[in-house]
Amino acid sequence: MVADRDWEQFHTTENLIKSISIEAGELLECVQWDANADPDLIRRELADVLSYCHLLAAKLGLDPEQIILEKLEETKAKYPVEKSRGRSTKYDRLPD
């Protein structure tokens, strides 16, 4: 779709990052005034966020699955189960 429309010229790293943020804001709007948002609307807005995330990853030569797995490993190290289970406390405030 991007190639068909010659949109790649607009897909700079900066523009893609801005677009992710803008689309994430639209996703947030789905629940702004009502926690029981329309699932179809959420689905469409989430698709927009994910599309821009994938475009950015491709632009940077990154494998989305790989970078997610790497981040999950970092998170596991920051939030050991024995300290963080059932808590929403930030990692630097977990008990020793």
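The values are calculated or read from the model by the stated rules, or taken from the named source; none is laboratory data. Because the structure is a prediction, the values reported are computed rather than measured. Cβ sites come from the backbone with ideal geometry, for glycine too, and all protein chains shown count toward neighbours.
Are any residues in segment 45-58 surrounded by 13 or more Cβ atoms within 10 Å (Cβ to Cβ) and of a type outside the set (F, W, Y), and if so, which ones? Spell out how you get there, then give the answer.
Within segment 45-58, the first condition is being surrounded by 13 or more Cβ atoms within 10 Å (Cβ to Cβ), and the residues that meet it are 45-46, 48-58.
E45, L46, D48, V49, L50, S51, C53, H54, L55, L56, A57, A58, listed by residue number.
Any residue in segment 23-36 that's touching a residue at least 24 places away in the same chain (Cβ under 8 Å) and surrounded by 12 or more Cβ atoms within 10 Å (Cβ to Cβ): show its pairings with residues that are aromatic (F, W, Y) and outside any loop (DSSP other than H, G, I, E, B) at Cβ separation under 7 Å, as long as the two are six or more apart or on different chains.
E23/Y52
Go through segment 25-96 and tell me which helices (runs of 4 or more DSSP H), entirely inside it, have 1 or more residues that are modelled with pLDDT under 95.
On the way: elements: 39-60, 64-78, 81-84.
Answer list for segment 25-96: 81-84.
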